[in-house]
Number of protein chains: 2
Amino acid sequence: MKQLPSKAQALRLACRARTHTGPTPGYAPGYSQANLVVVPQQHAFDFLLFCQRNPRPCPVLEVTDPGDPQPKETAPGADLRTDLPRYRIWRNGEVVEEPTDLLGHWTEDSVAFLLGCSFTFEAALLEAGLPVRHIEQGKNVPMYKTNIACQPAGRFSGPLVVSMRPMTPGQAIEATLICQRFPQSHGAPIHLGDPEAIGIGRIDQPDEGDAVEIRRGEMPVFWACGVTPQAAAKQAKLPWMATHAPGHMFVTDLRE
Amino acid sequence: MKQLPSKAQALRLACRARTHTGPTPGYAPGYSQANLVVVPQQHAFDFLLFCQRNPRPCPVLEVTDPGDPQPKETAPGADLRTDLPRYRIWRNGEVVEEPTDLLGHWTEDSVAFLLGCSFTFEAALLEAGLPVRHIEQGKNVPMYKTNIACQPAGRFSGPLVVSMRPMTPGQAIEATLICQRFPQSHGAPIHLGDPEAIGIGRIDQPDEGDAVEIRRGEMPVFWACGVTPQAAAKQAKLPWMATHAPGHMFVTDLRE
């Protein structure tokens, strides 16, 4: 008897068939989604080293063998060239294209990095009854550049980018204990309270995503964000690289 | 007023001056000691990937920038070419020399890996009153090749090598809970009980180190061992690499 595909497999196959080309959140509940960064092999050591030196924003789920588009550990049988709904192609640090596959871009020289994203810890927060304001408000999570420098590696460097979720002090403590259990999904918060202490001037003007309401009695709580390695890769101005398009993630077989 | 050097700094300086050329255990209590592997830059991505794919035997403490002998994170000011008491030079997978420095070997192309070792969790076991038999008996820890294959990366592959410490079942459970807190020092055991289940034929004939007594009521408890990446690097037959000599570790500034 043939086994039915899991929701993760089904979504990947729908991406491959181009019947699913939209964002991925909500489509395969319970499965870890991942950020994708593809770099030429000659930059792969520096990028892996950047991730190793900055594990909070860059939790490595898997790195593929050069030229091999299959993530054997996290989704055997999947193809990273086709199984995401939408990609971004970068040249010299600028987005030049947003294709639905990498078939014309992937070479024997390509190395893919799958990095943990915040959806996993957000699911755990929601399950614990803690607020995730941007989900409540139907917005994108607010993201901010900080004055905390990442540890550089080769040509990769840049500031730590954080995401923010407002919480009461008690909720922040509970969220810290929960997120600590998910080091592959950015782990515990890196800061709470005064935004200026980490170089954020205007909490109502995020650098990316949308501003969300901070209610009376709440403080902003900040987590290391998966946009950090993308920002470092962008800043490195590689002649070529590819990433997922924002919100259009790779869905792994890993259970949250 | 000039600050006195710490015990870790003092030991490193004694190595540099060649007044300390023996093993390091016991000389800087409270400081994490590390395995050293130095490979040419062209193999550094594959070796880092091997460590990333096999974190239990290969917990990465730090990777240096190519050509830079200073481990900026774990021991600022130290020099990995001189601050270990003894090294091994490998050519095509064979030890050809055991010098007291790497000054004549280190090049602009050298990348150093510092990997966590078992001394840290052994100190925690001893502190908790748990037995560490080879220390009791004044022997080297017994090590065994298993039938568990590491995840390969490029030319690096090989079996998981484990170290063994006999304990009662209750002690094994306590040791598991303690070691879980030290992922940078191999973490929780990977097996306990029947040695044959992981391909070990003769528990009284370790592949490296010395056999130790297993008393009535005790079972062997197995941890992933830092010899694993050395074995993989040896098997890769790199034209050149360097490691620490067994027991002659790098002492970091990290507190255990």
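The values are calculated or read from the model by the stated rules, or taken from the named source; none is laboratory data. This structure is a prediction, so every number in the text was calculated from the model and none was measured. Glycine gets a Cβ as well: all are built from the backbone with ideal geometry, and neighbour counts include every protein chain shown. Side chains included, ligands, DNA and RNA excluded: accessible areas come from the protein's heavy atoms. Shrake-Rupley method; radii C 1.70, N 1.55, O 1.52, S 1.80 Å.
Residues that are more than 11 Å from chain B (Cβ to nearest Cβ) and closer than 20 Å to residue A:238 by Cα within region A:43-56 comprise just one, A:54.
Which one of the conditions (1) of a type in the set (D, E, K, R); (2) modelled with pLDDT of 95 or more; (3) part of a loop (DSSP other than H, G, I, E, B) does residue B:12 fail to meet, given that it meets all the rest? The failed condition is (3).
Within the option set B:242, B:236, B:211, B:224, being in contact with a helix residue (DSSP H, G or I) (Cβ under 8 Å, 6 or more places away or on another chain) and either open to solvent by 30 Å² or more (accessible area, probe 1.4 Å) or aliphatic (A, V, I, L, M) (or both) holds for one residue only, B:236. Taken together, the residues in region A:48-59 that are open to solvent by 20 Å² or more (accessible area, probe 1.4 Å) and either among the hydrophobic types (A, V, I, L, M, F, W, C) or not in a helix (DSSP H, G or I) (or both) amount to 2. Of the candidates A:129, A:104, the single residue that is surrounded by fewer than 19 Cβ atoms within 10 Å (Cβ to Cβ) and not assigned by TED's automatic domain parsing to the domain that holds residue A:245 is A:129. Only residues that are crowded, with 17+ Cβ neighbours inside 10 Å and farther than 19 Å from residue A:33 by Cα were counted in region A:132-141, giving 1. Highlighted here are the strands (runs of 3 or more DSSP E) found entirely within region A:110-191 that include at least 1 residues which are among the charged types (D, E, K, R), touching a residue at least 24 places away in the same chain (Cβ under 8 Å) and out of contact with any His (no Cβ under 7 Å at 6 or more places or on another chain): A:143-149, A:159-167.
If I filter region B:26-47 for residues that are assigned to a loop (DSSP other than H, G, I, E, B), open to solvent by 30 Å² or more (accessible area, probe 1.4 Å), over 27 Å from residue B:187 (Cβ atoms) and at pLDDT 95 or above, do I get at least one hit? Checked against the condition, which is being assigned to a loop (DSSP other than H, G, I, E, B), open to solvent by 30 Å² or more (accessible area, probe 1.4 Å), over 27 Å from residue B:187 (Cβ atoms) and at pLDDT 95 or above, region B:26-47 yields no hits at all. Of all residues in region A:70-98, those that are open to solvent by less than 20 Å² (accessible area, probe 1.4 Å) and on the phi < 0 side of the Ramachandran plot total 12.
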